[in-house]
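Here is the structure we will look at.
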Amino acid sequence: MKVENRVKKYSDFQNVINLGEPIKSPTLTLYFLKNNLDHSRIGISVSKKSGNAVIRNKIKRQIRAIISKEMDLSKPLDYVFIARKGFDINDFQKTREDIKQLLEKVGQTSEEDS
């Protein structure tokens, strides 16, 4: 994912979480908020309770890989994905289905899979 498509600053994360609309699945929570840019930005947050740095980074890599295939980044929205307690790094297919369901609720799936 390109740098311009990432939510990096703490203030941006807080803005999306506090003002955005949440959608929950068993393993993820997605907050989304309209931005003033011409493209989407993605932020991923994983709690230290999920595991050590290796585990947290693996979770983020899995989410990024799925998003790159499933998501249309041309719409002006900011997204923050938060991994929940039930996230299983060994069940990639379940994670993919959860992300697809969340994106369908927002209306942001890519046109490739249609």
Checklist entry - Put a dot 7 Å past each Cα toward the Cβ at Asn90 and Glu21; how far apart are the dots in nm? => result 3.7 nm
Checklist entry - What is the distance, in nm, between label points placed 7 Å from the Cα along the Cα-to-Cβ direction at Tyr10 and at Leu37? => result 2.0 nm
Checklist entry - Which pairs break 26 Å Cα to Cα here: Lys58/Lys100; Lys2/Lys100; Lys48/Lys75; Lys60/Lys105? => result Lys48/Lys75
Checklist outcome for this item: From DSSP H assignment alone, runs of 4+ in the chain each adding -39500 (n - 2.57), the sum over residues rounded to the nearest 500 puts [θ] at 222 nm at -12000 deg cm²/dmol
Item to check | Amide proton proximity set for Asp78, modelled H, under 5 Å, gap of 5+ | outcome: Leu33, Lys34, Asn35, Arg41
Checklist entry - Which of the trypsin sites (Lys or Arg not before Pro) across the range 1-73 are loop residues per DSSP, with 14 or fewer other Cβ within 10 Å? => result Lys2, Lys8, Lys9
Item to check | Rg in Å to one decimal, and Dmax rounded to a whole Å, for the chain via C-alpha atoms | outcome: 13.1, 37
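Read-outs: derived from the displayed coordinates by stated rules, not from any lab. Nothing here was measured: the structure is a model prediction, and the numbers come from that model. So basically every Cβ, Gly included, is an ideal-geometry build from the backbone, and we count neighbours across all protein chains shown.
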